[in-house]
Amino acid sequence: MSNSSSLNEFLLLAFADTQELQLLHFSLFLGIYLAALLGNGLIITAVACDHHLHTPMYFFLLNLSVLDLSFISTTVPKSMANSLWDTRAISYLGCAAQVFLFVFLLGGEYSLLTVMAYDRYVAICKPLHYGTIMGTRACVQMAAAAWASGFLNAVLHTGNTFSIPLCQGNVVYQFFCEIPQILKLSCSDSCLREVGLIVVTACLDFGCFIFIVLSYVQIFTAVLRIPSEQGRHKAFSMCLPHLAVVSLFVSTSFFAYLKPPSISSPAVDLVVAVLYSVVPPTVNPLIYSMRNKELKDALRKVSAGYVGLGMAELEKAVVNISTTLDFIQNATADASQIYKWK
């Protein structure tokens, strides 16, 4: 019987037992993580640098990319390090920090997706009032509210979870510190307060989900009334990427936390956790850039700028090398002349 006050570390679930499979896991997660870094980093750079993308939709997309980048960085690097060094340990404070950041970023992303649904609703259903409703100040306030809601959610859940006495060991059956898995280590009736808080949070999340659904009912009703096919196509192009991201995020998250206990097992929980914590941050940039001409053009400019900068640096390096070689050649010639003179 162990107590939470005496715990110094937790043991996370390993992806594999052999060193070869652990290295394979490290390689796969490294590729996924680099893809997420590249995709979200390009979107952040493109939106920040291209003044054509300084609109409410792309402002929220920039915030989403920052959240995605932070979200995947909370869990994947630690899992890769554990596989590389053949360990399962995470410190008590490290686990608490991981839970806090995970809940903070997860809640912030869900709130931001709700705000983005409202942005699409105003753009399609109230286009004449869009500039007034979605002004700069309003956008900043809504984005700040999304981040603040995630922060408040994380403070409540993390404080509650780690104030519960743990007496069922220190093995967490997940590749990162997840609240439901930590609650399984608690004493019999001590986790009821956190379970109640989870139920309240789930109800609020369900309210956000209903808001998103009702927004898209209004959006599709308005789009189908647009007389021109080109107008309908443009409207759908604006909304479908966000709808795809919401569907991926909600379906994987809801299945992770609402799946029947009969199909729950460490292996299934592991796969589901990867689906909702690793896949969305990686594919979101691809979804948003797939049918978005403005974003594609901005990404091309950013990529061309990096290539051009790289070529300029390469040319400078070649010039410096040539200058150095000329200097060495002249010095050698002078030395030869001096030697002959002597």
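Just a few scattered comments:
- Residue match in the range 150-161 (condition: part of a loop (DSSP other than H, G, I, E, B) and surrounded by fewer than 19 Cβ atoms within 10 Å (Cβ to Cβ)): no
- Neighbours by Cβ (under 7 Å, 6+ apart or cross-chain): first from the range 196-216, open to solvent by 80 Å² or more (accessible area, probe 1.4 Å); second in a helix (DSSP H, G or I) and not small (Gly, Ala, Ser): Phe211/Thr114
- Filter pass, Leu62 being surrounded by 14 or more Cβ atoms within 10 Å (Cβ to Cβ), free of Cβ contacts under 8 Å to residues at least 40 places away in the same chain, assigned to a helix (DSSP H, G or I) and of a type in the set (A, V, I, L, M, F, W, C): yes
Okay, residues lined up against (1) acidic (Asp, Glu); (2) more than 28 Å from Ala267 (Cβ to Cβ):
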residue	(1), (2)
Phe10	no, no
Glu20	yes, no
Ile32	no, no
Leu38	no, yes
Ser65	no, yes
Asp68	yes, no
Val76	no, no
Met80	no, no
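- Residue in the range 67-77 that is assigned to a helix (DSSP H, G or I), more than 14 Å from Phe176 (Cα to Cα), open to solvent by 20 Å² or more (accessible area, probe 1.4 Å) and touching a residue at least 12 places away in the same chain (Cβ under 8 Å) present: yes
- Qualifying residue in the range 111-130 (condition: surrounded by fewer than 15 Cβ atoms within 10 Å (Cβ to Cβ), in contact (Cβ under 8 Å) with a residue 12 or more places away in the chain and within 22 Å of Phe71 (Cβ to Cβ)): no
- Enumeration of residues in the range 45-56 that are surrounded by fewer than 19 Cβ atoms within 10 Å (Cβ to Cβ) and either modelled with pLDDT of 95 or more or aliphatic (A, V, I, L, M) (or both): Ala48
- Conditions (1) more than 23 Å from the chain's Cα centre (by Cα); (2) in contact (Cβ under 8 Å) with a residue 60 or more places away in the chain; number of the one not met by Phe176: (1)
The values are calculated or read from the model by the stated rules, or taken from the named source; none is laboratory data. All values reported here derive from a predicted model rather than from experimental measurement. Cβ coordinates were reconstructed from backbone atoms using ideal geometry, including for glycine residues, and neighbour counts include every protein chain displayed. For the accessible areas, the whole protein counts, side chains as well, though only heavy atoms, and no ligand, DNA or RNA atoms are used. Shrake-Rupley method; radii C 1.70, N 1.55, O 1.52, S 1.80 Å.
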